[in-house]
Amino acid sequence: MEKLVISGGNKIFGNIEISGAKNAAVAILPAAVLASKGVSTIENVPDIDDVKCLVKILESLGCKVTRNESTVIIDSTEVHNVKANIEEVRKMRASYYLLGALLGRFKEASVDLPGGCPIGVRPIDQHIKGFEALGADVEVGYGAVSVKTDKLIGTNIYFDVVSVGATMNVMMAAVLAEGQTTLENPAKEPHVVDLANYLNSMGADIKGAGTDTIRIKGVKELKGCTYSVIPDQIEAGTYMIATAACGGEVTIQNVIPKHLEAISAKLTEMGVEIIEGDDSVTVKSERNLKAVNIKTLPYPGFPTDIQQPMSTLLTMAKGRSMVTESIWESRFKHVDELKKMGAKIDVNGRVAIVEGVEKLTGAEVIATDLRAGAAMVIAGLMAEGETIIAGLEHIDRGYPYIEDKFTKLGATIRRETV
Ligand code: EPZ
């Protein structure tokens, strides 16, 4: 078993390079299955465990996959299997994008029920509603979701809840449907737009991604193309918050500052200095932080995936902060771990009240999910003494080279095999 060992208290300085966006890459790699001709060359893919799992799953379907650093080359012309049922499918959430992609191309798919972070119930009713509206029969049983039809016909689909996964999954099926599909009340996250741009580069006809209505005109076939994944908004936000927490000055490079606006605005409100460049943000912090209130919302609101790192930062802000988690019902599991380090937080349902304390102290803690893991790393960096974090399998699903990146900035952090 591996653990991260952190000696807290160092200020951090320097430059850090952000990797490709996890939540874009994990949709774009399955979407490559839609290409019946040519080869897809996907660049700026993060080196994380979710990507490793997806590569194995794609190979199990008959794709030929080659990886060269951050480039993944996928030849999907010879896909012979529409059943994704190897162990890796159940380890991650994004394997369910193969439902939309395989349904689009082969009009048939069966994918084992996905796993992912234990942050709430995570229903897929909106995905199913979308596939059924396009004409597919959907069956959930024996631990898998199966979809099948003779043909997909474009239609109007109104999502009852704003869902990143349902928007992307249904978009993948609709690109090869007959006629036009309109998605109303879709998610507008940067990764939704990135997937639409990728599909358009393959020959799809999608307009309006990132707005309230997405219009998709079905095309006959898609071809492989070369595409570069956008930078990871959440990884960038995590390093911004870590800089605010440790104190110091860090320039976070390879970002799209527009995607970080909600995070930058909150940090500014707390007294942190943020300087935006064309493709970078510089964060300067004296650790003199003010309490703020946070409410998570779909994009462009404050991202739920940054709530756990942010509520960790708030443990040392002066005054009382209120954090409202409106997307996931169980996304405060990091709070019990923070309490072991001296944080004062009361959770009542979806609201956490954080009373700022003078200091956190090192402890043995667990990363209960991916972003809780990032939260624990930030807590360890800002605490006095040594923090030991277990549960690295969660962190490794989404943060490439986390200890190397923080070491480069001057933090004392190492990975140990226990
Ligand atoms: C994606 O999950 C991300 N995962 C999550 O990031 C992120 O927290 C979430 O979007 C919200 O931004 C990936 O992209 C792989 P949703 P997803 O469908 O697609 C409800 C991380 O840390 N809902 O937008 O599963 C659902 O219960 C991960 O990187 C339905 O009711 O999220 C939730 O309350 C964790 N029915 C809300 O919608 C559905 O059919 C948003 O979920 C689908 C969702």
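Structure above, values below:
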quantity: Test result for Asp369, assigned by TED's automatic domain parsing to the domain that holds Arg320 and more than 25 Å from Ile119 (Cα to Cα); calculated: no
quantity: Hits in the stretch 311-337 - residues which are away from the ligand (no atom under 13 Å from the Cβ), assigned to a helix (DSSP H, G or I) and not charged (D, E, K, R); calculated: Ser311, Thr312, Leu313, Leu314, Val335
quantity: Count - residues of the stretch 353-372 that are open to solvent by less than 40 Å² (accessible area, probe 1.4 Å) and part of a loop (DSSP other than H, G, I, E, B); calculated: 8
quantity: Looking only at the stretch 224-250, and only at residues there that are within 16 Å of the ligand (Cβ to nearest atom) and among the charged types (D, E, K, R), the one that is surrounded by the most Cβ atoms within 10 Å (Cβ to Cβ); calculated: Asp232
quantity: Residues (within 15 Å of the ligand (Cβ to nearest atom) and either in contact with a His (Cβ under 7 Å, 6 or more places away or on another chain) or open to solvent by less than 20 Å² (accessible area, probe 1.4 Å) (or both)) located in the stretch 195-213; calculated: Leu195, Ala196, Tyr198
quantity: Lone qualifier among Ile345, Ile413, Ile388 - being free of Cβ contacts under 8 Å to residues at least 40 places away in the same chain and not in a helix (DSSP H, G or I); calculated: Ile345
quantity: Within the stretch 327-352, considering residues that are open to solvent by 40 Å² or more (accessible area, probe 1.4 Å) and touching a helix residue (DSSP H, G or I) at 6+ places or on another chain (Cβ under 8 Å), the one farthest from Gly116 (Cα to Cα); calculated: Val347
quantity: Subset tally (residues that are farther than 26 Å from Gly398 by Cβ and either hydrophobic (A, V, I, L, M, F, W, C) or open to solvent by 30 Å² or more (accessible area, probe 1.4 Å) (or both)) for the stretch 86-127; calculated: 5
quantity: Condition check for Met168: within 10 Å of the ligand (Cβ to nearest atom), at pLDDT 95 or above and closer than 23 Å to Ala24 by Cβ; calculated: yes
quantity: Those residues of the stretch 148-180 which are over 26 Å from the mean Cα position of the chain (by Cα) and of a type in the set (Val, Ile, Thr), in sequence order; calculated: Thr149, Ile153, Thr155
quantity: Sole exception among (1) free of Cβ contacts under 8 Å to residues at least 40 places away in the same chain; (2) within 16 Å of the ligand (Cβ to nearest atom) for Ile73, by number; calculated: (2)
quantity: Strands (runs of 3 or more DSSP E) wholly inside the stretch 135-195 that include at least 2 residues being within 23 Å of Ser110 (Cβ to Cβ); calculated: 137-141, 144-148
quantity: Count of the stretch 171-189 residues which are more than 26 Å from Val39 (Cβ to Cβ) and within 13 Å of the ligand (Cβ to nearest atom); calculated: 5
quantity: Positions within the stretch 128-163 being among the β-branched types (Val, Ile, Thr), within 16 Å of the ligand (Cβ to nearest atom) and open to solvent by less than 40 Å² (accessible area, probe 1.4 Å), in sequence order; calculated: Ile128, Val138, Val145, Val147, Ile157
quantity: Filter pass, Ile395 being under 26 Å from Lys11 (Cβ atoms), surrounded by fewer than 24 Cβ atoms within 10 Å (Cβ to Cβ) and within 22 Å of the chain's Cα centre (by Cα); calculated: no
quantity: Residues of the stretch 20-60 satisfying the condition of being in contact with a Phe, Trp or Tyr (Cβ under 8 Å, 6 or more places away or on another chain), under 20 Å from Arg93 (Cα atoms) and open to solvent by 10 Å² or more (accessible area, probe 1.4 Å); calculated: Asp47
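The values are calculated or read from the model by the stated rules, or taken from the named source; none is laboratory data. Computed from a prediction, not measured in an experiment: that's the story for all the values here. Please note: Cβ atoms are built from the backbone with ideal geometry, for glycine as well, and neighbour counts cover all protein chains shown. The accessibility values were calculated without ligands, DNA or RNA, using every heavy atom of the protein model including side chains. Shrake-Rupley method; radii C 1.70, N 1.55, O 1.52, S 1.80 Å.
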